[in-house]
Each structure stands twice: as C-alpha cells, then as structure tokens.
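*Asks:* For reference, the structure I am asking about is given below.
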C-alpha cells in the first residue's frame, strides 16, 4: 500500500451536512473512506470509457424460460463468448421467470457488446450491465 497523503477540502456546510447524513446512512465510519470510494468509482468509470483496458462486470437478465427457444438462444450467446464469460448463475424465480447473472471479463467495448446482445434478445424482460474494475489500477 502506498503512503497516505492528507489534504483539505473546502465545501459548503449545507452540502457537507447532506454528505455526512448520506454516508452515515450507508454505514461509513468516516468521511475519508466515503471520499475514497467516490474517487474509486470515478476511476472505474474512466476505465470503462477507455474501452481498451481489461475490465470486469456482471450482466443480469430476467427472462421467461417458457418462451420458445429463448433459453437456447441465451446459452448460444454464452457459448460464443466463452472467452469473456467466466461464470454464470441461474436462478428459478418462479414457474416462469429465471434470473441469469453472468460474470464477465475483457475489454470494456467487448463486454458492452455482449451485454447489449443478451439484453436486446427477444423475450428478455429486463437486463443490466454492472461495470467494475479488476482492481489493478485502484
């Protein structure tokens, strides 16, 4: 771990009070850790905007497995992207609906393409890409 550097921030007291309330509700014990998380979040966003860095994330989709050939189509997508999809989780939510969570790793542009392909598949009810970092640059 690199050495800690202390620095000051000037902030409107009303804004600071709102920030303190928010971080308290989220369980932060101090402003420093909350601020570090805000900085890390922005750095992760930058990694994804570069599109060429190695990134990780999850793609979550909800679909009705009774829709004709939909499950097979989703599995085919996964088999064609086996190099980027490192793990999957399949959950039966009820008699009709399934939740599929895919852990993905690769260049941001490739991961976004995989997410777009899966989420836009006819019969998928909802989908979301959650982007994060390998942690190497944080």
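The values are calculated or read from the model by the stated rules, or taken from the named source; none is laboratory data. These numbers were taken from a predicted model, which means no experiment stands behind them. Ideal geometry is used to build each Cβ from the backbone, glycine not excepted, and the neighbour counts take in all protein chains shown.
*Asks:* Return only the number of the condition from (1) over 27 Å from residue 128 (Cα atoms); (2) surrounded by 15 or more Cβ atoms within 10 Å (Cβ to Cβ); (3) within 21 Å of the chain's Cα centre (by Cα) that residue 19 does not satisfy.
*Replies:* (3) is the only condition that residue 19 fails.
*Asks:* Please go through the range 54-67 and pick out each residue that is without any contact (Cβ under 8 Å) to a residue 60 or more places away in the chain and closer than 19 Å to residue 137 by Cβ. Break it down into steps so the answer makes sense when it comes.
*Replies:* Taking the range 54-67 first, the residues without any contact (Cβ under 8 Å) to a residue 60 or more places away in the chain are 65-67.
Hits for the range 54-67: nothing passes.
*Asks:* Can you go through 108, 103 and tell me which one is free of Cβ contacts under 8 Å to residues at least 60 places away in the same chain and at negative phi? Walk me through how you get there before you give the answer.
*Replies:* Numbers: 108 fails: free of Cβ contacts under 8 Å to residues at least 60 places away in the same chain.
That would be 103, the only listed residue that is free of Cβ contacts under 8 Å to residues at least 60 places away in the same chain and at negative phi.
*Asks:* In addition: Looking at the range 88-95, is at least one residue surrounded by 12 or more Cβ atoms within 10 Å (Cβ to Cβ), closer than 27 Å to residue 47 by Cβ and either in contact with a strand residue (DSSP E or B) (Cβ under 9 Å, 6 or more places away or on another chain) or at pLDDT 95 or above (or both)?
*Replies:* Scanning the range 88-95 turns up at least one residue that is surrounded by 12 or more Cβ atoms within 10 Å (Cβ to Cβ), closer than 27 Å to residue 47 by Cβ and either in contact with a strand residue (DSSP E or B) (Cβ under 9 Å, 6 or more places away or on another chain) or at pLDDT 95 or above (or both).
*Asks:* Separate question: Restricting the first residue to the range 127-138 and requiring it to be not assigned by TED's automatic domain parsing to the domain that holds residue 64, which pairs with a second residue that is surrounded by 12 or more Cβ atoms within 10 Å (Cβ to Cβ) and in a loop (DSSP other than H, G, I, E, B) meet a Cβ separation below 8 Å and a spacing of at least six or different chains?
*Replies:* From residues that are not assigned by TED's automatic domain parsing to the domain that holds residue 64, the pairs are 137/53.
*Asks:* Scan the range 96-109 and give yes if some residue there is at pLDDT below 95 and farther than 23 Å from residue 134 by Cβ, otherwise no.
*Replies:* Among the residues of the range 96-109, at least one is at pLDDT below 95 and farther than 23 Å from residue 134 by Cβ, which makes the answer yes.
*Asks:* Just the residues that are more than 29 Å from residue 4 (Cβ to Cβ), modelled with pLDDT under 95 and either assigned by TED's automatic domain parsing to the domain that holds residue 22 or touching a helix residue (DSSP H, G or I) at 6+ places or on another chain (Cβ under 9 Å) (or both), please, taken from the range 32-66. Break it down stepwise before answering.
*Replies:* To start, the set of residues in the range 32-66 that are more than 29 Å from residue 4 (Cβ to Cβ) comprises 51-52, 57-66.
From what's left, modelled with pLDDT under 95: 51-52, 64-66.
Within the range 32-66, 51, 52, 64, 65 qualify.
*Asks:* Still on this model: In the set 84, 29, which member is without any contact (Cβ under 8 Å) to a residue 60 or more places away in the chain and out of contact with any helix residue (DSSP H, G or I) (no Cβ under 7 Å at 6 or more places or on another chain)? Talk me through it step by step, then tell me what you get.
*Replies:* Values: 84 fails: out of contact with any helix residue (DSSP H, G or I) (no Cβ under 7 Å at 6 or more places or on another chain).
None of the other options fit; the residue is 29.
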